[in-house]
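Read through the structure below, which is laid out as structure tokens, and then see the notes.
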């Protein structure tokens, strides 16, 4: 039986907040731990399941108790994770079982968090941001590698503390069945400095990723990488959803390919106005990237709209282009036309 120990700290008033943050009572280990890192993955789908699974597998209570990993999930997926752990299948890992400290659908059950990985769909982003409010510290690290170009700016509407590192991710993964995530090649996170805290370098996050064998790339400015991905994914997502055609079919149809190029040029013009430097020949590079996907590849926006799911990331793609185009004085006629058509579907 553990004895109760009362520790009295006499500190100056101005230092009290720092001391409180430094000492944390860990309700899950049953004692007081120093500098224990609390990690929360919001959304344990393809992206969150892969990276969150690696974190949980590396820091399970049996191997390394210095980090607690929490999953926020829901429905049958949560039920399966709670019962059996999260199963991650990939050529890189084989099949591994990943058991977080706690998997729940109620963020109120969690302590204050040192690192949030937000891996929800764009339409759930603001709800996730709102839910985090009571679990943030002044130095909480936040990554939200969604498919948008302005994710950090959206989060700052709701989140006024912590460090939000602009980021994007390259990965092919999906939920195979409740409790099981299937991935292809190893995923990679690219992230950079928070403009609100330009001198902060998250060395603690680097160490966390290294211990979890998570591939990452730190850049002083992550915006070029984010926009390079965005110019590809936004244009093909909009045209695939509009035409209900796969990537290879779009490239083979001259009229659809022309529409893709039109949207890419509009995004490129916005990026240049924002002084974001993209690689030379970015449109041709993006078209070439599409040829690397297997025949029959659909986008998630295409699936969501064709299956009439009710929610989609249309606003994250088309809405962002239209809003930024208006703000920057850049005409966006192709995007506007496609969005109007999609709104009628």
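Can you find even one residue in region 208-219 that is in a helix (DSSP H, G or I) and within 20 Å of residue 156 (Cβ to Cβ)? Let's see the steps before the verdict.
If we filter region 208-219 for residues that are in a helix (DSSP H, G or I), which is where we start, we get 208-211.
Filter once more, so that each one left must be within 20 Å of residue 156 (Cβ to Cβ): none.
Looking through region 208-219, none of the residues is in a helix (DSSP H, G or I) and within 20 Å of residue 156 (Cβ to Cβ).
Checking the structure you have, find out if any residue of region 58-74 is under 25 Å from residue 124 (Cα atoms), free of Cβ contacts under 8 Å to residues at least 60 places away in the same chain, assigned by TED's automatic domain parsing to the domain that holds residue 113 and surrounded by fewer than 18 Cβ atoms within 10 Å (Cβ to Cβ). Before you say what the answer is, go through the steps one by one.
Going through region 58-74, the residues under 25 Å from residue 124 (Cα atoms) turn out to be 68-74.
Next, from what is left, pick out any that are free of Cβ contacts under 8 Å to residues at least 60 places away in the same chain: 68-74.
Then drop every residue that is not assigned by TED's automatic domain parsing to the domain that holds residue 113, which leaves 68-74.
Then keep just the ones that are surrounded by fewer than 18 Cβ atoms within 10 Å (Cβ to Cβ); that gives 74.
The answer is yes, given that some residue of region 58-74 is under 25 Å from residue 124 (Cα atoms), free of Cβ contacts under 8 Å to residues at least 60 places away in the same chain, assigned by TED's automatic domain parsing to the domain that holds residue 113 and surrounded by fewer than 18 Cβ atoms within 10 Å (Cβ to Cβ).
Only one of 247, 238, 256, 251 is farther than 24 Å from residue 138 by Cα, without any contact (Cβ under 8 Å) to a residue 40 or more places away in the chain and assigned by TED's automatic domain parsing to the domain that holds residue 272; which? It would help to see each step written out before you state the result.
Values: 247 fails: without any contact (Cβ under 8 Å) to a residue 40 or more places away in the chain; 238 fails: without any contact (Cβ under 8 Å) to a residue 40 or more places away in the chain; 251 fails: without any contact (Cβ under 8 Å) to a residue 40 or more places away in the chain.
Only one candidate passes the filter, namely 256.
Looking at region 111-125, can you tell me whether even one residue there is surrounded by fewer than 15 Cβ atoms within 10 Å (Cβ to Cβ), modelled with pLDDT under 95 and closer than 22 Å to residue 36 by Cβ?
No, region 111-125 contains no residue that is surrounded by fewer than 15 Cβ atoms within 10 Å (Cβ to Cβ), modelled with pLDDT under 95 and closer than 22 Å to residue 36 by Cβ.
Picking from 231, 276, which residue would you name as being part of a helix (DSSP H, G or I) and buried (at least 16 other Cβ atoms within 10 Å of the Cβ)? Spell out the reasoning first.
Details: 276 fails: part of a helix (DSSP H, G or I).
231 is the lone residue from the list that is part of a helix (DSSP H, G or I) and buried (at least 16 other Cβ atoms within 10 Å of the Cβ).
Among the residues of region 220-231, is any within 25 Å of residue 344 (Cα to Cα) and outside the structural domain of residue 39 (by TED's automatic domain parsing)? Steps first, please.
Filtering region 220-231 down to residues within 25 Å of residue 344 (Cα to Cα) leaves 230-231.
Subset that is outside the structural domain of residue 39 (by TED's automatic domain parsing): 230-231.
Yes - at least one qualifying residue is present in region 220-231.
Pick from region 327-345 the residues that are exposed (fewer than 12 other Cβ atoms within 10 Å of the Cβ) and part of a helix (DSSP H, G or I): which of them is modelled with the lowest pLDDT?
Once the filter is applied, the top-ranked residue is 344.
Looking only at region 309-323, count how many residues are assigned to a helix (DSSP H, G or I) and surrounded by fewer than 21 Cβ atoms within 10 Å (Cβ to Cβ). It would help to see each step written out before you state the result.
Step one: of region 309-323, the residues assigned to a helix (DSSP H, G or I) are 314-323.
With the extra rule that they be surrounded by fewer than 21 Cβ atoms within 10 Å (Cβ to Cβ), the set shrinks to 315, 319, 322-323.
So the count comes out to 4.
The values are calculated or read from the model by the stated rules, or taken from the named source; none is laboratory data. Note that the coordinates shown come from a computational prediction; the quantities given were computed from them, not determined experimentally. Neighbour counts are summed over all protein chains in view; Cβ atoms, including those assigned to glycine, are modelled from backbone coordinates with ideal geometry.
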